[in-house]
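The values are calculated or read from the model by the stated rules, or taken from the named source; none is laboratory data. Since the model is a prediction, treat every value here as computed from it, not as a measurement. In this analysis, Cβ positions are derived from the backbone assuming ideal geometry, glycine residues included, and neighbour counts consider all displayed protein chains.
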Amino acid sequence: MLVCRTLLGFRQTLLTGVAQLAEQRSPKPQAVGSSPTARANGSKDLQIRCLMASINNYLEEVGKEMRKVTWPSQKELISNTVVTIVATVVISLFIFSADRIISTVLEVIYG
């Protein structure tokens, strides 16, 4: 990204210099390079290329890291899933029971 920023600054400076030179040498307003949009389009293209290079670099790094991952076997996956479901049911039943007890006690007190 730092390289892209440096190149972008250099390219913009270069284009600004060329555009100013064209404006000074040519009295015609329709001369190529004398409009500010020519500078903007050049830097926009470079920004897009830098963005795409950054995205490509990111995806390559993700791919490298994904190859390093140790994936669980099917047996480990099934056992961990069962443990998760059982723990979820137990905790849900505990919260449901506690809620019922508390609401019964409050009904008796305020009933």
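Of all the numbered requirements in (1) at pLDDT below 90; (2) over 35 Å from the mean Cα position of the chain (by Cα), I101 misses one, and that requirement is (1).
Any residue that is of a type in the set (K, R), assigned to a helix (DSSP H, G or I), at pLDDT below 95 and surrounded by 10 or more Cβ atoms within 10 Å (Cβ to Cβ) - is there at least one of those in region 46-67? The answer is yes, given that some residue of region 46-67 is of a type in the set (K, R), assigned to a helix (DSSP H, G or I), at pLDDT below 95 and surrounded by 10 or more Cβ atoms within 10 Å (Cβ to Cβ).
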